[in-house]
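Throughout, read-outs are computed from the coordinates displayed, never taken from laboratory work. Quick caveat: nothing in here was measured; it's all calculated off a predicted structure. Cβ placement follows ideal geometry from the backbone for every residue including glycine, while neighbour counts extend to all protein chains displayed.
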């Protein structure tokens, strides 16, 4: 194997093993920042040794062994060894020193789930949760995350450092919450994963309409979470939503990178495998019983589009009803805006516009470019083209995505 091939192999191994490695080390050293440093040290050792010795038959075990050695060396160098011994616990320290002990599958899954809830802890601001999750669970480098979210690399690096320090300072326990706390904390985890997916699916800023890499990372995290928490319907609901939305990716972008709107997409280009996976995940959410949560309801809406072979076959009345259910449990002006679109498709643009006019002054929608965009679309259908042009121009001025801005300006120009 050439040096280049070895480096590619190391990169692939790291993507697969990083989260498990950091999770196992965090349980042992009780510090997510220290765990990542130890894991990175093991990665450096692999980069130095594997080109000569070759990739070991069990690379994950090799990385864990090296990390544990370094952890023991570091603890023994500590001036306050006894304090560290008490903090970690003698049993864990003995496990750390036992190079022959490798975590079993169940232990790894438990540690991964703990790491998910730690990285997405509400004590951190949302942007820090997203960055830390991509770093320790997604295996992305600081440079990759910064590039994906269009922020300077030093800013992103500081965000991650502060997140680790906050977790350590607040003594956030490395555990899966129980009882009533689980629902609140799980919603934070799902929010983080969906934020990552959405930034890939419809980039908020920059020159690209989509960033497929982020969609893939979010889907991978969602699938892992579903395997770790198979009895949580909303986890399956989120996975279903992301699978079905991701199925349209190839049809959402034109030959020159321009956005292609849903009703104009070539549905033969939709990925039927991803749709099948999404419908299966939605079925699991429904089988678990109880009222569907916000992600499962959105997945049910996405399923209506996925089942329609042409735009004309879409069951807009059902979509409007699902949005009404969503509004009852997750009332927000954005949901109402989407419901207005569905109502306009099912019962005519005047019906949709009437609902839009009820929310047009909502402070939460101030600066939200899709409000004037939807309003402009409804006004065009009602023949009020001058008003529509003004709305599209306003929407173009509000969006930070260059591709979307071009589309909105074209729509304004089409109004004459």
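Could you give the radius of gyration (one decimal) and Dmax (whole number) of the Cα atoms in the stretch 132-205, in Å?
14.0, 40
Please give the per residue volume of the convex hull enclosing the alpha carbon atoms of the stretch 346-398, rounded to a whole number of Å³.
Residue-normalised Cα hull volume stands at 66 Å³.
Let me check against my output: what whole-number percent is the relative contact order of the chain, with C-alpha pairs under 8 Å and at least 6 apart?
Relative contact order here is 10 percent.
Label points 7 Å out from Cα along the Cβ direction at residue 350 and residue 183: separation in nm?
Placing both labels 7 Å beyond Cα along the Cβ direction yields 4.3 nm.
Given a Förster distance of 25 Å, report the FRET efficiency between residue 171 and residue 141 from their Cβ-Cβ distance, rounded to the nearest 0.05.
Once rounded, the FRET efficiency stands at 0.35.
Give me P(r) over the chain, computed from all C-alpha to C-alpha distances, binned every 20 Å, as integer percentages.
23, 51, 22, 4
From the C-alpha gyration tensor of the stretch 199-245, pull out the three semi-axes of the equivalent ellipsoid (sqrt of 5λ each), sorted largest to smallest, in whole Å.
Here the semi-axes work out to 24, 10, 7 Å.
Quick one: plug the Kirkwood hydrodynamic radius of the stretch 143-256 (C-alpha pairs) into Stokes-Einstein at 10 °C, 1.306 mPa s, and report D in µm²/s.
So the translational diffusion coefficient is about 100 µm²/s.
Gain in length, residue 313 to residue 126, computed as 0.36 nm per residue apart minus the alpha-carbon separation, to one decimal in nm?
On the way: separation 187, 0.36 × 187 = 67.32 nm, distance 3.87 nm.
Extra length from residue 313 to residue 126 when fully extended: 63.5 nm.
Quick check on the exposure proxy: order 236, 305, 7, 369 from fewest to most C-beta atoms within 10 angstrom. Display every interim value, and only then the final one.
Details: 236 27, 305 23, 7 15, 369 20.
Starting with the residue having the fewest Cβ neighbours, the order is 7, 369, 305, 236.
Going from the alpha-carbon gyration tensor of the stretch 111-159, what semi-axes, largest first and in whole Å, does one get by taking the root of 5 times each eigenvalue?
They are 19, 12, 7 Å, listed largest first.
222 nm [θ] for the chain, helices only, -39500 (n - 2.57) per DSSP H run of 4+, per residue, to 500? Working shown, then result.
Numbers: 20 runs with 296 residues, N = 416.
Mean residue ellipticity, 222 nm, calculated: -23000 deg cm²/dmol.
At 4 °C and 1.567 mPa s, what whole-number value in µm²/s does Stokes-Einstein give for the translational diffusion of the stretch 319-416, with Rh from the Kirkwood sum over Cα pairs? Could the numbers behind the result be given before it?
Working: Rh = 13.6 Å.
Translational diffusion coefficient: 96 µm²/s.
What is the spread of the Cα atoms of the stretch 18-75 along each of their three principal axes, largest first, in whole Å?
Cα spread of the stretch 18-75 along its principal axes, largest to smallest: 33, 20, 14 Å.
Taking 0.36 nm per intervening residue step and subtracting the Cα-Cα distance, what contour gain separates residue 150 from residue 330 on full extension? Let's see the in-between values first.
Details: separation 180, 0.36 × 180 = 64.80 nm, distance 2.98 nm.
The span from residue 150 to residue 330 would gain 61.8 nm if fully extended.
Label-point separation (nm) for residue 321 and residue 52, each offset 7 Å from Cα along Cα-to-Cβ?
It works out to 7.0 nm between the two label points.
Could you sort the peptides 325-337, 173-185 by per-residue average Cβ neighbour count (10 Å cutoff), highest mean leading?
325-337, 173-185
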